[in-house]
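One structure is given below, encoded as structure tokens.
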Amino acid sequence: MKKSYISAIVILACAAVIGGIAGSSFYKKRHFVEDIVTGEHVTEVRMLSDYNPNLKGTAGDTEIYVLKGAEEGGSLLVLGSTHANEPAGHMAGIVLEENANVKVGTIYVIPSIGHSGLTHNDPLDGSPQYLHYTTPSGELRTFHFGSRASNPIDQWPDPDIYTHRSSGQTLSGSETRNLNRCYPGVEDGTLSERVAYAVTNMINTEGIDMEIDLHESSPEYAVNNATVAHERAMTIASEGVLDLQLEGISMSLEPSPVTLHGLTHRELGDFTNTYALLMETGNPSQGRLRGRTDEALAQTGIDPCYVINYDLGLLYVDYSSGSFPMELRVGRHLAGIQAYINAFNNNSEKQIVVEGIPTYDEMLANKVGYYLK
Ligand SMILES: [Zn+2]
């Protein structure tokens, strides 16, 4: 046999082995089903496809946990993992539905609204695939660390330019898979547009009073430790921010830009009657200045590159401790949810009364696994 044939066979064999290993890892992540426990006070579990049948049987469909109090009142929708590489929102949603006990009104929790994005990672980012927590009973629970965008297996190919349907705004083609550029959505559009439509339709159908979308952002990004609010939600947002500041939790308030389309805080405020809010915490595992990216970084936020940048004054979060752990980020989201519920109650005849949400101090002390069933 010619020497060149032997080299070609060896190269092909190596490529097949590498492709096989990568393919099996991709397949495993794609089909991994998170073991999200239905909280003992959850009164009903619905599916997102109940609000857009075009999602049935797709990776965009996901559970809606309904916590309805014995007494009628106001209603709140909480969205986690709109961006699936921002895990504090996903975990805050899970802790909320597994622990909250609603007495008055209704809270709807969708911990995996970016479900398709949870099933893969951003290419070339070296991100971890999973996060692990130990429960008080000693059980190890595993959750996805995903991508900012929907999985291209579910939505392909990307156009060269993405045109937002209701405004005509144009963005780069890959933004077509960014759920938070697709609101208010399109009933029979791309997968991301169909998911966005289902949320908009759900809020209108159920008459949901307030909506909070949980995000994280790079510590070097200006909108950080912040709440972004639609103009109709400004009174509630400012009262909530003041309360959080008094509790010692730094939170800034940003108005939703009127010319930036497709985001929850803009379109859910414009296309429904809900008070639309979005919260951001700092997440070093998502930042561009980070070093080695693994589960430890996602969980602890400890990164020497961020220490250097904090010392240079380049960050928008207090990184003086040299860490930004998951319990702090989840604790911030849960404290924000409680503060905005209190502010809603002060400004509405309808009330939402809920017990069992871990406080910020409790979350810092006990950490996330303690609150998983
Ligand atoms: Zn985000």
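Just a few scattered comments:
- For the chain, the longest principal axis of the Cα atoms and the long axis of helix 234-246 meet at an angle of about 80 degrees.
- Once the Cα atoms are used to define both axes, helix 3-31 deviates from the longest principal axis of the chain by about 20 degrees.
- Distance between segment 257-307 and segment 123-144 - C-alpha centres, whole angstrom: 19 Å
- Fraction of accessible area attributable to carbon and sulfur, segment 172-213 (%, probe 1.4 Å): 36 percent
- At R0 = 56 Å, FRET efficiency that the Cβ-Cβ distance of Asn342 and Val17 yields, to 0.05: 0.45
- Between Arg148, Arg165, Arg329, the GNM of the chain built on Cα springs shorter than 10 angstrom shows Arg165 fluctuating the most.
- Summed side-chain charge close to Leu76 - residues other than Leu76 whose Cβ falls under 9 Å, Lys, Arg +1, Asp, Glu -1: -2
- Here Lys28 is the anchor, and the lysines within straight C-alpha reach of less than 27 Å, apart from those fewer than 8 places off in the same chain, are Lys56, Lys373.
- With Cα atoms, 0 to 90° folded angle of helix 87-99 axis to the chain main axis: 50 degrees
- Charged neighbours of Thr190, selected by a Cβ distance under 12 Å, balance to -2 (K, R count +1; D, E count -1).
- Taking amide H as placed 1.01 Å from N in the peptide plane, Val102 has its amide H under 5 Å from the amide H of Glu355, each at least 5 places away in sequence or on another chain.
- Accessible surface of segment 222-264, 1.4 Å probe, proportion on carbon and sulfur as whole %: 63 percent
- Probe 1.4 Å, accessible area per residue of the chain, Å²: 42 Å²
- Entry note, the chain: the mean residue ellipticity at 222 nm calculated from DSSP H runs of n ≥ 4, each adding -39500 (n - 2.57), is -10500 deg cm²/dmol after division by the residues and rounding to the nearest 500.
- Largest-first ellipsoid semi-axes for segment 35-371, taking √(5λ) over the Cα gyration tensor eigenvalues, angstrom: 26, 25, 21
- For segment 35-371, size of Cβ-based charge dipole, Lys and Arg +1, Asp and Glu -1, in debye: 360 debye
- 5 angstrom amide H check on Ser348, placed H, neighbours 5+ away: none
The values are calculated or read from the model by the stated rules, or taken from the named source; none is laboratory data. These numbers were taken from a predicted model, which means no experiment stands behind them. Glycine gets a Cβ as well: all are built from the backbone with ideal geometry, and neighbour counts include every protein chain shown. Surface accessibility is based on the protein's heavy atoms, side chains included, excluding ligands, DNA and RNA. Shrake-Rupley method; radii C 1.70, N 1.55, O 1.52, S 1.80 Å.
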